[in-house]
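These notes concern the structure reproduced below.
The values are calculated or read from the model by the stated rules, or taken from the named source; none is laboratory data. Everything numeric here is computed off the predicted structure, so don't read it as measured data. Backbone-built Cβ (ideal geometry, glycine too); neighbour counts: all protein chains shown.
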Amino acid sequence: MSDQNQLNLFEEEKVKSEKTTYLQVILNGEVRTMSLEELFDAENYTELKAVSFVASHHFFFKTTKRFQSVQLILGIEDGHVAGNFTEGLQGLLDIEKRISYFQSLPKDVQREIQNNRFQIRYSKKGTPIHSKIYLLSGTHSNRVIIGSANFTEAALGNQKQYEELLVFDNHNLFGIYQKRFEYIYQETVDFIPEKVKSKIMLEPVNIADPEVLMDILFDEAEKKRIMVELTEAQVEEFHQAADKVEKQKEEVTQFNQVIEVITKVSRKSGKRELLPIKTLRTKAVTIKSKISKMNKKSAEADHRQQLIYHTASESLYAPAPYTEGEEESPLIQFTQKIKNVESLKQQLELINKFIDSYHLFTVQNDPKVQSRIAEAILYAFVSAHIWRMRDHYANEEGRENVRRHVPPFLIIAGRSMSGKTSALEFISMLLGNTNPYMSYEQVSARNMLNDFFHSSNVSPLLIDEIDAKFFRSTAADKGERLIKDITNNLTGPHPVLMGTTNASGFDANAQSSSRIYYLQINNTFQNQKLIESSTYLSNLMNETNPTLYKDFTYRMGEKIKHGEEFYSTEDFLSGAREIFKEYYKECDMPLPVWFPKSKFNDYQERGQRLWRELYKSHSDSFDFRKENTVLVHIDNFSSQNRRDRDTLVNYLPPECINEDSSVLLLNQKLFKEYIEYDKYFKKSIFRRIFK
């Protein structure tokens, strides 16, 4: 096609566009061309009552300012109708937005609102208003306008948006719609808070002050200008709205990535154009990865039971058994209240017997090791609610960074033969998984863990033998960067990661270790009892089922629904501990001596032991100075390898370190507290005299 022909086509398009009537006005049964001033005629009519969405208040008041009286009931934007109760209530409760709206109006408009010449109304219950009604009245005439057009420049300005308006002058429809307007009006309140209207002309309201906003909100509630009565379906709508926003964000990101891959910027036009089909074919692999909702490798590697968190009922749902002919299995409720105490008791006894194996078949009899296995089981049982705690904590505190204090990572560290993998397998059976766990090799591909964390499946990620290099990695999808991103930023329903690793090779910097719940198993199973212990554990696992877990999720959900404490800021497993104590009591079973009463602090305690021993055996390498510092000659007891040096430094609390680049300089007071110097190394007066 020649350039001239292309120009002709564009000219034809331009002419066609100019002739197109996007806004069709029918006045008293006849198609008419009417300007905005003719439609909203302030010469013949003195009052305007409108029900409409308004995108620009400047456009609205510029068009209507010549009316002596204006009553506007704010509606919602087209395309936001379905399930829009959430948006309606959000608009009512967003005091800051309502104040900002008023303060952004011209001073003369603010004055007219204060004088009630202009009124802006809003649904007092958050019920969506989608009507478009315009009533104009004067001394001797009236006009009713109905149709599809909102009071926006796009709709009323003939701007490439097809709209219809029916206009009736002095018609009996005016009375009908007058009654309709009054009916809707009764269900609305003033959009501008009364406290703001009364003082705005004297001084601006400080919307940055939460106390001011709270005071106005309380005043609105006290005067019954906000009425909130929520059904379960409406609560569910809130959660669906949040999910929808997240999904839209993902879709927009994905769309942008697809556009980047399949188009290029033309040097001639400066616009993005679709690549030739031959070029697209060469990018087939990339295009497939961009248009796929989830990485194929991630989906194939995910062996977890599918559990979806239903936020309205605080329950878990799982896919129904596959039925031939159905494309997608419907969801059935996984969470159940188990009334048969014997069924619960059987599973509780199996847990007791499993934990007893860490006494019956191990080298040492250490109840603390058993407690740590029990702690891992508690974490697994509450894993589907960890996201709930994190979101609740951030919401209660009003600070996003506090969600890091509820860790979505649990690591069980131990030597070979410590039983850490058996613990993971038993936990998997208790939760109802058909596959025990995933090996780290299966999930170590790029972005795979990130995919899992961003899926809607809240079943925990059970991963065996995580390579120590994972924790030290600087890649975006591993190590500190992944752990920080997930812990700090991930919101809404998401899984947790429960993994095992070799204790001797594990270390993580402070940024990572502070975001991981670390449990260390300092015991091993006896070689001579391997066959016996293996048979013992196999028999237990054959009888294990998710009955107890189903009931646990019911009890935890009930706590959340009824506003009961389901965790504490000091111990995020406190709710789980209470529920298990209830189980032992209801089943008439004594609480085991190994039952964990509080959180463990294994990583810090391991570091304390390590540095205590280093000081004990290399005290000459610690130079205690008068200015409350300690210069540590770390090269005297670590290899020249930077990795070994960093491993030791990582065990020190960050607040203890003054400098760790070329030299290691510590805060003397904090270091002594850390290694419990006074308890282990401070000499008595008697020992000092007779040294």
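A few remarks follow.
- In the range 346-378, the qualifying residues are those that are touching a strand residue (DSSP E or B) at 6+ places or on another chain (Cβ under 7 Å) and in a helix (DSSP H, G or I), and the one that is surrounded by the most Cβ atoms within 10 Å (Cβ to Cβ) is Arg372.
- Qualifying residue in the range 450-459 (condition: among the hydroxyl-bearing types (Ser, Thr, Tyr), in a helix (DSSP H, G or I) and either touching a residue at least 12 places away in the same chain (Cβ under 8 Å) or over 23 Å from Ser533 (Cα atoms) (or both)): no
- Of the residues Pro546, Pro592, Pro596, the single one that is in the same structural domain as Asn435 (by TED's automatic domain parsing) and touching a helix residue (DSSP H, G or I) at 6+ places or on another chain (Cβ under 9 Å) is Pro546.
- Tally of residues being within 16 Å of Glu605 (Cα to Cα) and touching an Asp or Glu at 6+ places or on another chain (Cβ under 6 Å) across the range 625-655: 3
- Note on the range 389-404: residues that are more than 17 Å from Leu497 (Cβ to Cβ) and out of contact with any Phe, Trp or Tyr (no Cβ under 6 Å at 6 or more places or on another chain) total 11.
- Selection of the range 23-70 for residues being surrounded by fewer than 18 Cβ atoms within 10 Å (Cβ to Cβ), among the hydroxyl-bearing types (Ser, Thr, Tyr) and over 19 Å from Gly157 (Cα atoms) yields Thr46, Ser69.
- Residue in the range 114-124 that is assigned by TED's automatic domain parsing to the domain that holds Pro193, modelled with pLDDT under 90 and farther than 22 Å from His58 by Cα present: yes
- If the condition is being more than 13 Å from Tyr674 (Cβ to Cβ) and either charged (D, E, K, R) or in the same structural domain as Tyr518 (by TED's automatic domain parsing) (or both), then the range 614-657 contributes Lys616, Asp620, Asp623, Arg625, Lys626, Glu627, Asp635, Arg642, Arg643, Asp644, Arg645, Asp646.
Matching residues to (1) under 24 Å from Leu350 (Cβ atoms); (2) assigned by TED's automatic domain parsing to the domain that holds Asn545; (3) in contact with an Asp or Glu (Cβ under 9 Å, 6 or more places away or on another chain):
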residue	(1), (2), (3)
Leu424	yes, yes, yes
Ile427	yes, yes, no
Thr434	yes, yes, no
Ile463	yes, yes, no
Asn489	no, yes, yes
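- Residue within the range 418-433 that is on the phi < 0 side of the Ramachandran plot and free of Cβ contacts under 8 Å to residues at least 24 places away in the same chain present: no
- Single residue of Asp623, Asp635, Asp644 found to be in a strand (DSSP E or B) and among the acidic types (Asp, Glu): Asp623
- Contact map, the range 24-44: residues that are more than 13 Å from Val144 (Cα to Cα) and in the same structural domain as Arg143 (by TED's automatic domain parsing) paired with residues that are at pLDDT below 95 and aromatic (Phe, Trp, Tyr), Cβ distance under 7 Å, separation 6+ or inter-chain. Pairs shown: Ala42/Phe67.
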